[in-house]
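The structure appears right after this line, and notes come after that.
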Amino acid sequence: MSQNIIQHTIQFVQEQLADDSSGHDWYHIQRVWHNAQTIHDKEQKGNRLVVELAALLHDLADEKLFNEIEGLNRIQYFLEGEGIAENIIQHVLEVIQSISYRKGDLPLSTEGKIVQDADRLDAIGAIGIARAFAYGGHNGRKLYDPHIPPKEYIDHKADEKEKSPTINHFYEKLLRLQDLMKTETGRKLAQSRHEFMIDYLEQFYSEINDESIELE
Ligand code: ADP
Ligand code: NI
């Protein structure tokens, strides 16, 4: 039964994200789904179905890709069609709405913590570096501009207009994620990915010979 629901959900997600080139394609969803299962297996807490459904559906109401309200309605309609209990549906919708970085650190259920960590793992490390530059290009951002330093604090609305270079995004968000992990397992998995980004930035600046930026 639940296997069938997962298969239908995969199809539903693939239909909507098939052509995405902003770093939110199906394989992003598949990695987040996989990360979420790994974290859930280790932590042994939270409802498995909520974790899997929220991981699979988490980007279908992301305002960068879709209208949030319409996206949430579409997800609700789909889950109702699958005959899923109303309390599970509400929990999935709540997780999807509360895990985004740009919404700040909202209080999360156990399932929310797992899915947020799973999504954030995919924003760091080698894959996170690839996604950041892919998103930056898609979004009209430069790779690097020595005249635009990273900001201490990000106002997402202003950032959309100013389009600061992608390399700044590492200091503004990606290097912060390790400390923001909510589960023990997520934090452990984040470590080597975090270190890889530090090494990457060191190499990046050594190649362009700019000593002006200090790494932590
Ligand atoms: P969330 O959904 O948690 O708010 P995002 O959707 O903002 O996360 O991020 C999705 C991907 O796009 C991540 O890999 C992230 O690093 C990348 N990204 C988001 N904003 C920027 C940016 N300003 N520059 C480069 N990459 C970005
Ligand atoms: Ni995501």
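Among residues of segment 104-125 being modelled with pLDDT of 95 or more and more than 12 Å from ligand 1 (Cβ to nearest atom), the one that is surrounded by the most Cβ atoms within 10 Å (Cβ to Cβ) is ILE114. For segment 162-187, taking the residues that are away from ligand 2 (no atom under 16 Å from the Cβ) and within 13 Å of GLY136 (Cα to Cα), the one that is surrounded by the most Cβ atoms within 10 Å (Cβ to Cβ) is identified as ILE167. Within segment 156-171, residues that are within 16 Å of TYR101 (Cβ to Cβ) sit with their Cβ atoms under 8 Å from residues that are crowded, with 20+ Cβ neighbours inside 10 Å, at 6+ positions apart or across chains, in these pairs: SER164/ARG141; THR166/ALA132; THR166/GLY136; THR166/ARG141; HIS169/ALA132; HIS169/GLY136; PHE170/ALA132; PHE170/MET197.
In the list GLU68, GLU43, GLU86, GLU80, which residue meets the criterion of being of a type in the set (D, E, K, R), within 19 Å of the chain's Cα centre (by Cα) and more than 11 Å from ligand 2 (Cβ to nearest atom)?
Details: GLU43 fails: within 19 Å of the chain's Cα centre (by Cα); GLU86 fails: within 19 Å of the chain's Cα centre (by Cα); GLU80 fails: within 19 Å of the chain's Cα centre (by Cα).
Being of a type in the set (D, E, K, R), within 19 Å of the chain's Cα centre (by Cα) and more than 11 Å from ligand 2 (Cβ to nearest atom) holds for just one of GLU68, GLU43, GLU86, GLU80, which is GLU68.
Tell me which residues, restricted to segment 39-65, are within 22 Å of ARG131 (Cβ to Cβ), surrounded by fewer than 16 Cβ atoms within 10 Å (Cβ to Cβ) and not charged (D, E, K, R). If the condition is that a residue be within 22 Å of ARG131 (Cβ to Cβ), surrounded by fewer than 16 Cβ atoms within 10 Å (Cβ to Cβ) and not charged (D, E, K, R), then LEU65 is the only one that fits.
Going through LEU180, LEU189, LEU175, LEU201 one at a time, which residue ends up being farther than 30 Å from ASP41 by Cα and not charged (D, E, K, R)?
Values: LEU180 fails: farther than 30 Å from ASP41 by Cα; LEU189 fails: farther than 30 Å from ASP41 by Cα; LEU175 fails: farther than 30 Å from ASP41 by Cα.
It is LEU201.
So is GLU195 within 18 Å of LYS103 (Cβ to Cβ) and more than 16 Å from the chain's Cα centre (by Cα) or not? So GLU195 does not fit the description; no.
Here GLU152 passes the criteria (1) surrounded by fewer than 16 Cβ atoms within 10 Å (Cβ to Cβ); (2) touching a residue at least 60 places away in the same chain (Cβ under 8 Å) except the one numbered (2). Does ALA130 qualify as being aliphatic (A, V, I, L, M) and near ligand 1 (Cβ under 10 Å from one of its atoms)? In short, yes.
Among ALA126, ALA190, which is the only one that is within 19 Å of the chain's Cα centre (by Cα) and within 16 Å of ligand 2 (Cβ to nearest atom)?
Values: ALA126 fails: within 16 Å of ligand 2 (Cβ to nearest atom).
It is ALA190.
The values are calculated or read from the model by the stated rules, or taken from the named source; none is laboratory data. Worth saying up front: this structure is predicted, and the values here are computed from it rather than measured. Cβ sites come from the backbone with ideal geometry, for glycine too, and all protein chains shown count toward neighbours.
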